[in-house]
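Participant: Please read through the structure below; I'll follow up with questions.
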Amino acid sequence: PVLGEWVKKVFDPALFLGMKEKKWDMVHYVNVEDKDPSTGFSQFYDNPRYSSGYAALFNTISYMPETHMLKPYKERVNSTYDLLATFIQQCSVNAKEIISTRKKAVQNTIGKSEFALSWKMDTSSFSRIPFMGYEATKKISEVSGLPVLFYDHNKPFTKEVKYFDTFSPENVVAKPQSYIIPQGWWKVIDLLKLNRVKMNRLKADTMIEVTVSRITNNKALPVAYESHHKNSKTEVEESKQKIQFLKGDYVIDLNQSANRYLVEMLDPTGDDSFFSWNFFDAIFQQKEGYSDYRWNTIAEDYLNKNPDVRKKLEDKKQSDPEFAKSSNAQLNFVYKNSPWYEPAHMRYPVYKVMGK
């Protein structure tokens, strides 16, 4: 927050002024679809998947400049050049303040006990910004014969519009003391190394009590996005378990400047976590199972010895008529509540050690 506030109140105004002095007018990204921008618009929500959102995970100031696609090419090149010059000028003028403010931001990240994994626009809070545009109206499309949004170039205007630039945190999670990742998930480990995350490796096989997350609900995109069928709306069920870890598995303490990056990437419910981008999809595949003819006999014996599981089964039969009619569903229910059920199925393979 300390760095964002400084950028908003000091650095941004200096950039706008510096560009105006160079005869260029800037405006915040016009984040509209088919709406009239003169009614106001919101700041773009840049998740970690975007370069500017990624930089923010490390308390790095970043900008995504976009020149208007309908402007002449020469103007687009020259304006971008002048913007880069303005960045350099303002970074030089504000160098000491940038360094000191960022140090405060990094210390804040190291000391934070909670992190927000998603954000929602606050429609009750907005600033006002100058906006140059054309009056919006409707005209009949010659293609569809239906009304479409149209900007009348004979009616230019300059006026202040609402700019919704405040977001409220959602899905706030507690920072663990450490994460433990088995070494077999090397694709994730390699990315952590690329991002200079400090990690230690277990020197011997060790049994450790950890918080285990099991995926209970998840929605994968039916159509590919950026070559992935991204996971979203992920829900987990947590429990304490003793897990046998192996020599060489990775322990990541959350006492470092990469804390926010680590929580957003390693918590499975994060908007752009490694889980959401399919790095752990292997856990969805159940590799072990049973044969009905053999399991039926074992299941009967197991229920006789475990009345609590039998009660769960009977309760579900009473509450779910379709379940009560299905022998396969009931056998599977007993299997999933037995010690023979594959423990790795749907178990998120990044484990948390919570602080005391």
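Participant: Looking only at residues in the stretch 59-94 that are at pLDDT 95 or above and acidic (Asp, Glu), which one is surrounded by the fewest Cβ atoms within 10 Å (Cβ to Cβ)?
Facilitator: If we take residues in the stretch 59-94 being at pLDDT 95 or above and acidic (Asp, Glu), then Glu75 is surrounded by the fewest Cβ atoms within 10 Å (Cβ to Cβ).
Participant: Quick check on my filter: what residues within the stretch 228-240 are on the phi < 0 side of the Ramachandran plot and either out of contact with any Ser or Thr (no Cβ under 8 Å at 6 or more places or on another chain) or open to solvent by 60 Å² or more (accessible area, probe 1.4 Å) (or both)?
Facilitator: His228, His229, Glu235, Glu237, Glu238, Lys240
Participant: May I pose another question? May I ask you to say which residue of Phe164, Phe150 is open to solvent by less than 60 Å² (accessible area, probe 1.4 Å) and of a type outside the set (Asp, Glu)?
Facilitator: After applying the criteria, what remains is Phe164.
Participant: Which condition breaks for Pro268 when tested against (1) in a helix (DSSP H, G or I); (2) open to solvent by less than 60 Å² (accessible area, probe 1.4 Å)?
Facilitator: Every listed condition holds for Pro268 apart from (1).
Participant: So, one more: Starting from residues that are free of Cβ contacts under 8 Å to residues at least 24 places away in the same chain and assigned to a helix (DSSP H, G or I), keep the ones in the stretch 328-340 and report whichever is nearest to Asp292 (Cα to Cα).
Facilitator: Looking at the filtered set, the residue picked out is Asn332.
Participant: While we're on this one: Give the residue that is surrounded by the most Cβ atoms within 10 Å (Cβ to Cβ), with candidates limited to residues of the stretch 45-58 that are outside any loop (DSSP other than H, G, I, E, B) and out of contact with any Pro (no Cβ under 9 Å at 6 or more places or on another chain). Before the answer, list the steps.
Facilitator: Filtering the stretch 45-58 down to residues outside any loop (DSSP other than H, G, I, E, B) leaves 51-56.
Those still in the list that are out of contact with any Pro (no Cβ under 9 Å at 6 or more places or on another chain) too: 51-53, 55.
Details: Ser51: 12, Ser52: 15, Gly53: 18, Ala55: 16.
Filtering first and then ranking leaves Gly53.
Participant: Could you list, in sequence order, all residues of the stretch 290-324 that are under 12 Å from Ser338 (Cβ atoms), in a helix (DSSP H, G or I) and open to solvent by less than 70 Å² (accessible area, probe 1.4 Å)?
Facilitator: Result: Trp295, Ile298, Ala299, Tyr302, Leu303, Val309, Leu313.
Participant: Are there any pairs, at least 6 apart or on different chains, whose C-beta atoms fall under 6 Å, with the first in the stretch 24-45 and on the phi < 0 side of the Ramachandran plot and in contact (Cβ under 8 Å) with a residue 12 or more places away in the chain and the second surrounded by 14 or more Cβ atoms within 10 Å (Cβ to Cβ) and hydroxyl-bearing (Ser, Thr, Tyr), and if so, which?
Facilitator: Every condition considered, the pairs that remain are Trp24/Ser79; Asn31/Ser42.
The values are calculated or read from the model by the stated rules, or taken from the named source; none is laboratory data. These numbers come from a predicted model, not from an experiment. Every residue, glycine among them, receives a Cβ derived from its backbone with ideal geometry; neighbour counts consider all protein chains shown. The protein model used for the area step is the full one, side chains on, heavy atoms only, and it has no ligands, DNA or RNA in it. Shrake-Rupley method; radii C 1.70, N 1.55, O 1.52, S 1.80 Å.
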